[in-house]
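Read through the structure below, which is laid out as structure tokens, and then see the notes.
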Amino acid sequence: MVQLPSLFILALVMQGKPGEQRRVDRGDTARHVIVSVTQNREREPRRTPVTAEHLRTAFGSPAARTLLMRARASRLSQDSALMSYDATTYLRISAGLGFSRIGRDRLIFRHENTTRVRWHRDAGAWIDVKGARTVIPIDPDPESTERSSLDSDFTPVPYYPGQEPLLTFFGGYAAARQVNEREIIHPLAEGAEAYYTYAAGDSVGFRLPEGRTIQLRALEVRPRESRWNVAVGTLWFEASSGQLVRAAFRLAVPMDIWAVVREEDPTADEDIPPWVKPLISPMRMQVRAIAVEYGLHEGRFWLPRMRSAEAELQISFARAPARFEQRFQYASVNTIESLPEIMGPPVVAPPDSLTFDEREQWRDSVLAERRHQRRAVADSVERGLRERRTPCDSLGMRTHTRVASGSNLRVAVVVPCDARVLANSPDLPKSIYDEGEEIFSSADRDALVKEALAMGAQPPFALGAIPPTLKWGLEFTRFNRVEGFSAGALIEQRLGAGYTASLLARLGHADLEPNAELTLARTNLTTTVSGRAYNRLVSANDWGNPLSVGSSLSALLFGRDEGFYYRASGAEIEWLREGRGGALWSTRAFAERQRTAAVDNEFSFGAPFIANIGARAGAYAGFATRVRHARGLDPNGFRVFTDLRLEGAVSDSAGSPFGRGAVDLTVTQGVGRIAAAVTVAGGASAGVVPMQRRWYLGGAHTVRGQRPDTSQSGNALWLGRVEVGGPVRAVRPVLFGDIGWAGERDAWRDAGRPMSGAGVGASVLDGLLRLDVSRGVYPGTGVRIDLYVDARF
């Protein structure tokens, strides 16, 4: 089974195999840090003793205690009646990459496979891979995708006695009896009362065809403290046996990877160059949701039907979301008489008497000996220890053998030698880019998570129990013509119960005006409600993000600061919800004082900066809503991106309120070896719109080749862009043409000749980074070079 941190390594550095345990150089910073975390499980267990006070406060009722005791006994027992099964598995692993929560996430890796698994207690598991394929859309290297498709590590075993049912995604296979603070603290393990409280939830009953009634009981699990390695959620059990039936949970707070590594090894980051660490900080991982569901077979065997997990890794301003999905179907249970013996490599284990340090020395000596013996073998020593690579047989099949991690289960994986046979299997969905809602029961999974992980599912409120954290680095650094170089830092204090208080402060070297945002927010990782007081620099632009790191780089190198800025001081309440399919819905109500932001910085390596707007000063109160959605993942397929913005406000500087709204629609479609993108946008307004809330066209995100200017603005607009690109590679060449108009809403029929521009560009990693060379057609005819991030195409 693939471990969560291992997939993040795969997604970010495109190397490192699932379950791999090896030493890495300190220079390979990201992988070194994450592997250090995953290897914590090799250390001596660490746990807090359970006291009488823990036992007194752990259970909300006697029913909760009874249910936990039954579930704990069932988790460690091996069902002697279950002897065999024949199952079909579907697996999909997806990883994305993006720069900001407002921008879209690119799919950078996806693997899916379907297998037939025959398991027998006396023999182990025989896995026949029926179909498998891998895609890396931003760099489709045939060799790397073929290796991933043939990788036998991507083949799950649905169930075997003693298997860990909840934390499979973290690399755990056999159920550990006691808790261990060095890894995820299991809510059902012995000693968990020192870390969790339990409450009995709803009870549900259903009748089987033979007339027997099954009663399910929910157990609500809440951690005593807000820690990265404790879970929040709800588990459902069969009331009489304590057998797990379904579960939905998440980790209480994000893992601060730097803090965890330093806790285990205070010298872990000593060899990292001082200039590198700000570029990769903050570094944290959040497990957003894990769902597990079992089905009843033969009236007595609960076997897993669905498992899924969502997580996200953040390194500086980059974010890498990942999703794991599995589904199992059973053709028969307890009907297999026998299976062939699995002849695998011997299980090499250290003597039980060795200490942790002695075990590490033993492991190193064994690996050194194997490395010397197999120096000519291309695969690593660690992979050689996990499986034996056999030649293709007369039927074009290759058999790998391995031992499931943490258990004695023998596994034999039979894989066709030709990856094309796997990729074209009729057992796979029509396209690897399919959403898979039917295959992976996405609707049922979402309903389960929504019920169990609502806003009230939180660790307890604990003021002062968690030390504050200081975050700084590239994520909080920017450059523009108002502030110049502006550096910031974030002090964050987790309060428990989903609440976080934070203070973001920054100062620019040119204007020397302090900026600060004091925020109190509550979140369940899907919905976030925030209250905020602030004094900040605001961008009036509706496209792009002039205050981002990417825009700052363009402003510094080329003088291309395309933002129009004003200052705002006030307070707001914001509601933010993230949905499936790249949906993001935000609404804010605000009351603030707006005023002009003077241009105080004239330094850049490029052309002189454009003039800023003069804001209409006054007090403003109103609301703003933005809804973004993305559908489709294939860079050469059909994709749709929509962006809707609505805003209304009243001001003491105008006699009447104003309102404005705009919508963008971008459609991309591949045709043979090329792909095209078409963008259309329109906006209108009502009332007297102040200068800082007009629409501004010109520049990299609207009409390329034209310089943004206050004369190219208005309270109404329309915009069109057409782009044609070559085959998807790490770098895709693009031809484009843009046209647009902005002006007074009463004059849109007599707009005259609209502004326009055309040019060539290079789209890196599906628009994650974009370089355009454009020439204006009208009114300007100059040549411009733009470098920016998070392009549509």
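The values are calculated or read from the model by the stated rules, or taken from the named source; none is laboratory data. Not measured: the values here are computed from a predicted model. Counting neighbours? That spans all protein chains shown, and the Cβs are built from the backbone with ideal geometry, glycine included. Just the protein is used for accessible areas: all its heavy atoms, side chains included, with ligands, DNA and RNA removed. Shrake-Rupley method; radii C 1.70, N 1.55, O 1.52, S 1.80 Å.
Here are a few things to note about the model shown:
- Placing R0 at 45 angstrom, the Cβ-Cβ distance between ALA730 and THR57 gives a FRET efficiency of 0.20 after rounding to 0.05.
- Label-point separation in nm, LEU463 to VAL640, each point 7 Å along Cα→Cβ: 4.9
- Burial ranking of peptide ranges 243-251, 46-54, 424-432, 641-649 (average Cβ count within 10 Å, highest at the top): 243-251, 641-649, 424-432, 46-54
- 3J(HN,Hα) from dihedral phi, the stretch 444-459, Karplus parametrisation 6.51/-1.76/1.60, rounded to Hz, x for glycine, proline: 5, 5, 5, 5, 4, 5, 4, 5, 7, 10, 5, 4, x, 7, 9, x
- Calculated log₁₀ intensity ratio I(q)/I(0) where the Debye formula runs over C-alpha points of the stretch 479-525, q = 0.16, 0.21, 0.27 Å⁻¹: -0.53, -0.69, -0.88
- The distance separating the Cα centre of the stretch 748-780 from that of the stretch 613-659 comes to 22 Å.
- Sorting the segments 228-236, 709-717 by their residues' average number of neighbouring beta-carbon atoms within 10 angstrom, most packed first, yields 228-236, 709-717.
- Mean shadow area of the stretch 236-351, taken as a quarter of the surface of its Cα convex hull (nm²): 13.3
- Enclosing the Cα atoms of the stretch 654-793 in their convex hull gives a volume equal to 102 cubic angstrom per residue.
- Per-residue extension of 0.36 nm, minus the Cα-Cα distance of ALA762 and GLN493, leaves a gain of 92.6 nm for this segment.
- What the Cα convex hull of the stretch 538-686 gives, in volume per residue, is 136 Å³.
- Relative to its residue count, the stretch 461-605 spans a Cα convex hull of 123 Å³ per residue.
- Relative to the current alpha-carbon distance between LEU76 and ALA516, full extension at 0.36 nm per residue lengthens the span by 153.1 nm.
- Packing-based order for 304-312, 676-684, using average beta carbon neighbours within 10 Å, highest first: 304-312, 676-684
- Multiplying the residue separation of PHE605 and ALA259 by 0.36 nm and removing their Cα-Cα distance gives an extension gain of 120.8 nm.
- The modelled label-to-label distance for the pair LEU507/THR523, using points 7 Å beyond Cα in the direction of Cβ, is 2.8 nm.
- Residues with amide H under 5 Å from that of ASN180, placed H, sequence gap 5 or more: HIS186
- Ligands, DNA and RNA aside, TYR90 has an accessible area near 40 Å² when probed at 1.4 Å.
- Note, ³J(HN,Hα) from phi for the stretch 630-643, Karplus 6.51, -1.76, 1.60, rounded to Hz, x at Gly and Pro: 10, 9, x, 10, 7, x, 9, x, 8, 9, 10, 10, 10, 8
- The stretch 708-783: chymotrypsin sites (Phe, Trp or Tyr not before Pro) in DSSP coil with no more than 13 other Cβ atoms inside 10 Å: none
- Zero-based 10 Å bins, Cα pair distances in the stretch 402-458, whole percents: 17, 22, 28, 27, 7, 0
- Relative contact order, whole percent, for the stretch 604-742 stands at 20, derived from Cα pairs under 8 Å and 6 or more residues apart.
- Put simply, the stretch 279-334 fits an ellipsoid with semi-axes of 37, 9, 6 Å; these come from the alpha carbon gyration tensor as the roots of five times its eigenvalues, largest first.
- Kirkwood hydrodynamic radius of the stretch 489-561, Cα pairs, Å: 14.5
- The trypsin sites (Lys or Arg not before Pro) of the stretch 193-243 that meet both conditions, a loop assignment by DSSP and at most 15 other Cβ atoms within 10 Å of the site Cβ, are ARG212.
- With the alpha-carbon atoms of the stretch 501-541 aligned to their principal axes, the span from lowest to highest coordinate is 39, 25, 14 Å, starting with the largest.
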